[in-house]
Every structure is written in structure tokens, then in C-alpha cells.
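S.K.: I'd like to ask you about the structure that follows.
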Amino acid sequence: MMRLPNPPTVAIIGATGAVGREMLAILEERSFPVRSLRLFASPRSVGTRITFRNESMTCEALENTAAADLSSINLALFSAGKGISKEWAPRFRDAGALVVDNSSAFRADPACPLVVPEVNPHALDALHGPAIIANPNCSTILALVAVTPLHRAIGVERMVAATYQAASGAGASAMAELESQAHAFAANQPFDTRIFGRQYLFNVFSHNSAIGDDGYNEEERKLLTETRRMWESSTVRISATCVRVPTLRAHAEALHLEFARATSESEIRTLLAHAPGVRIVDDRAANRFPEPLDAAGGDDVLVGRIRMDPSVPNDRGAALFLCGDQIRKGAALNAIQIAERFL
Ligand code: A2P
């Protein structure tokens with residue numbers, strides 16, 4: 001496997017966004033070695049100052065950047081949307097950078113590994129030079145951190161998922177819109193509905209991604225295609241219903257699993273108790289289970305409501321409920337954990 005120079009020169013593309021800012025915070029928190037840092041955003045943000053390790057840095061416009069100017073960048077962390085990734089990630093790679101891309105642009109590209117370090121770190125072994133690595137969709141990351149250890153031990157044949165997704169998945173402006181609706185409600189003012197086109201506060205609606213002829217939206221389809229790719233399984237069956245709920249930054253998911261063999265609640269609990277990146281929150285007596293507010297700002301996927309599913313015969317079904325920070329493990333943290341593998 002290739003190694004980054006240590007310390008590497010780092011670029012964040014989308015540095016002013018919800019994920020970009022979290023990437024900066026996580027680089028600091030985890031003492032990620034950084035020789036020098038460049039911050040890219042849209043022309044609107046040129047001159048915006050962002051502090052990193054007590055140093056005030058200035059954002060550059062990506063679109064004014066010449067290819068030659070990219071040659072000194074060792075690691076590029078992208079979170080500026082699919083269109084920007086499609087156009088710019090190959091340019092950074094061709095200039096010599098290792099790219100970790102948070103968008104969906106390269107997730108199906110066989111040349112670009114799709115990786116969650118707790119799930120399929122071996123997919124990185126084949127890389128021997130500059131490359132683009134795809135960060136999976138946030139709902140898929142959170143689900144697979146919890147479910148992969150169960151899959152490896154018991155064999156997941158089918159998963160039925162219902163997600164409860166936070167505003168953050170649609171970016172910083174979507175979080176701002178939800179907050180502004182809360183202020184507007186309190187002040188009896190009209191709501192700003194630019195991002196979602198509707199009242200979000202006190203509401204729940206189907207995920208805002210494109211819906212296909214089969215009635216599934218893109219978010220739901222990603223859970224199937226990305227899980228199959230990371231598990232290297234063409235047979236696992238998945239059906240999902242993805243909706244937005246008015247939480248700010250942590251997603252929740254209800255997962256119903258059907259296994260290849262009989263299992264028990266205690267086997268599932270034991271596997272989850274040893275699963276990296278998972279913290280069990282499952283206090284039936286106190287009715288304390290994973291909640292988005294408890295997951296927000298943390299690294300762990302919180303897992304609870306662990307129980308057998310009696311609708312599946314022969315003890316082959318189980319159900320659980322999880323919450324994870326969409327901006328951190330669902331995006332920024334996973335990208336940086338991937339990068340850490342190359343240090
Ligand atoms: P900007 O703040 O200048 O618009 P989020 O997902 O939170 O909405 O963040 C999206 C990120 O992508 C922001 O940092 C945003 O920068 C950046 N971005 C949007 N359009 C471009 C562009 N044309 N070139 C570079 N960065 C962009």
C-alpha cells in the first residue's frame with residue numbers, strides 16, 4: 001500500500017461547508033500531521049478566514065486554480081458536491097494527490113475503492129500511487145459500522161432499513177434553514193423554505209433525492225449498491241425508506257436483519273460489544289436508547305433496541321436502532337480515518 005509523505009501537504013475542497021469545517025476540526029483533534037494546508041471553496045468565499053491550529057487561513061477559489069498549482073498537494077479531501085468532485089478530483093489525482101472524495105461521483109467506479117475502515121480496509125491495499133478513494137453515503141456508513149460484524153459472523157441475507165435523516169446531509173445551508181424556521185416559528189414569522197421547498201420544522205418528508213421509476217429514491221438505492229460493493233456480495237437483499245426528520249446533524253436508522261442461520265439476542269449483543277466504532281446504548285429499564293442529540297458531536301455509532309425479530313422464522317431475524325453523527329462518521333471522520341491509513 002502506498003504511503004503519504006509525513007507530514008503531508010493537505011487541501012480541503014469545500015472548506016467552508018458543514019463537512020469541510022468538521023474535517024478541519026477532526027484534523028486538529030486527532031493531531032493529524034499537516035505540513036501545510038490549503039482551503040478551497042467557491043468564489044463567494046475568497047478571502048474567508050478560517051482558523052486551523054491557532055493560525056488564521058484564507059480560502060481560495062477552486063476555479064481559479066491552475067493544474068500546475070496542485071502539484072504540491074499530497075492529500076486532498078473533497079466535500080464540495082458531486083459536480084465539483086467529478087471535475088476536480090481527477091485533476092488533483094493527476095497532479096499527484098491522494099484524493100478522498102465525499103460525494104457520490106466515484107462510488108461505483110471500479111478504479112476508486114469505496115471504503116469504511118471498520119468494514120473493508122483491505123480495499124485500500126491495491127493502491128500504489130495517486131488515486132481517488134470514495135467515501136460512502138452517510139446512511140450506508142452508519143449502518144455498516146454496526147451491521148458488518150453481524151454479517152461476518154452470522155451472514156446477513158436481507159436488511160430492511162428505515163432512516164430518519166438530519167438536515168446536515170443537505171449541507172450547512174439546510175441546517176441554517178431548519179434553525180431559521182425555528183426562529184421564525186418563535187417569532188410568528190413566515191418560514192424560509194429555499195432549500196427544501198416546504199416547512200421542515202415539525203415535519204417529516206421523503207428524502208430529497210431523485211426518485212426512480214421503481215419508486216425508490218437515490219438515497220435508498222445507495223444503501224443497496226454501496227453495501228453490495230463493500231461486502232463484495234451480489235446477493236444481499238436490501239429495501240430502504242429514507243426520510244428527513246427535523247434533527248440537525250445526526251441520522252437515526254431502524255434496521256431489520258435476516259440472517260443465514262439461527263442466532264440469539266446475546267450473540268448479537270456480544271458481537272456489537274466488540275465492534276469497533278460501535279457503542280451500545282440499550283437501557284430498557286430507563287427507556288434510554290440511541291438519540292440523535294447523544295450521537296451528535298461524537299465518533300461512535302450508538303446502537304440499541306437490540307432484539308429478535310419474531311416476524312422472521314427460526315430465530316433468523318433481529319432488529320436494532322442506531323444513531324450516528326452524519327457530519328462526522330457519516331462524512332468527515334470516515335474520510336480522515338481513510339487518510340490515516342496512508343500515514
Ligand atoms: P461556499 O461556502 O463558497 O459556497 P455544504 O455541503 O455544507 O453546503 O458545503 C458545500 C461546500 O462546497 C462549501 O464549502 C462550498 O463553498 C463549496 N462549493 C460550492 N460550490 C463550489 C465551487 N464552485 N467551487 C468550490 N467549492 C464550492
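S.K.: So, restricting to strands (runs of 3 or more DSSP E) that lie completely within segment 243-343, which ones have at least 2 residues that are among the hydrophobic types (A, V, I, L, M, F, W, C) and in contact (Cβ under 8 Å) with a residue 60 or more places away in the chain?
M.R.: 250-259, 301-308, 317-325
S.K.: Here's a follow-up. For the structure I just gave you, tell me whether THR227 is β-branched (Val, Ile, Thr), within 30 Å of ALA134 (Cα to Cα) and either surrounded by 13 or more Cβ atoms within 10 Å (Cβ to Cβ) or not assigned by TED's automatic domain parsing to the domain that holds VAL303 (or both).
M.R.: yes
S.K.: Only residues that are within 12 Å of the ligand (Cβ to nearest atom) and surrounded by fewer than 24 Cβ atoms within 10 Å (Cβ to Cβ): list them for segment 91-105, please.
M.R.: The one that is within 12 Å of the ligand (Cβ to nearest atom) and surrounded by fewer than 24 Cβ atoms within 10 Å (Cβ to Cβ): SER103.
S.K.: When only residues in segment 36-59 that are exposed (fewer than 15 other Cβ atoms within 10 Å of the Cβ) and of a type in the set (D, E, K, R) count, which is nearest to GLU87 (Cα to Cα)?
M.R.: ARG44
S.K.: Need pairs with beta-carbon distance below 9 Å; first residue under 19 Å from TYR164 (Cβ atoms) and within segment 214-228, second surrounded by fewer than 19 Cβ atoms within 10 Å (Cβ to Cβ) and of a type in the set (Asp, Glu); sequence gap 6+ or separate chains.
M.R.: Filtered contacts from segment 214-228: ARG221/ASP214.
Per-residue answers, yes or no, for (1) closer than 16 Å to ARG30 by Cα; (2) of a type in the set (S, T, N, Q):
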site: MET308; (1), (2): no, no
site: SER311; (1), (2): no, yes
site: GLY324; (1), (2): no, no
site: ARG328; (1), (2): yes, no
site: ALA332; (1), (2): yes, no
site: ARG341; (1), (2): yes, no
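S.K.: So CYS112 ticks every box in (1) over 16 Å from LEU75 (Cα atoms); (2) assigned by TED's automatic domain parsing to the domain that holds ALA61; (3) not small (Gly, Ala, Ser) but one. Which box is left unticked?
M.R.: Just one mismatch for CYS112, condition (1).
S.K.: Then there is this: Residue check: is ARG237 under 18 Å from LEU320 (Cα atoms), in contact with a helix residue (DSSP H, G or I) (Cβ under 9 Å, 6 or more places away or on another chain) and surrounded by fewer than 21 Cβ atoms within 10 Å (Cβ to Cβ)?
M.R.: Taking the combined requirement at face value, the residue satisfies it.
S.K.: Just give me the residues in segment 26-51 being without any contact (Cβ under 8 Å) to a residue 24 or more places away in the chain and not polar (S, T, N, Q), in sequence order.
M.R.: Those that are without any contact (Cβ under 8 Å) to a residue 24 or more places away in the chain and not polar (S, T, N, Q): GLU29, PRO43, ARG44, VAL46, GLY47, ARG49.
S.K.: I'm told LEU124 meets every condition in (1) over 15 Å from THR225 (Cα atoms); (2) within 16 Å of the ligand (Cβ to nearest atom); (3) hydrophobic (A, V, I, L, M, F, W, C) except one. Can you identify the failing condition by its number?
M.R.: (2)
S.K.: Something else now. Among the residues of segment 19-41, is there at least one that is in contact with an Asp or Glu (Cβ under 7 Å, 6 or more places away or on another chain) and within 11 Å of the ligand (Cβ to nearest atom)?
M.R.: Yes, segment 19-41 contains a residue that is in contact with an Asp or Glu (Cβ under 7 Å, 6 or more places away or on another chain) and within 11 Å of the ligand (Cβ to nearest atom).
S.K.: I'm checking my understanding of the structure. Among residues of segment 52-90 that are assigned to a strand (DSSP E or B), in contact (Cβ under 8 Å) with a residue 40 or more places away in the chain and within 10 Å of the ligand (Cβ to nearest atom), which one is farthest from the chain's Cα centre (by Cα)?
M.R.: Of everything passing the filter in segment 52-90, CYS59 is farthest from the chain's Cα centre (by Cα).
The values are calculated or read from the model by the stated rules, or taken from the named source; none is laboratory data. Source: prediction; values computed, not measured. Neighbour counts run over all protein chains shown; Cβ positions are idealised from the backbone, glycine included.
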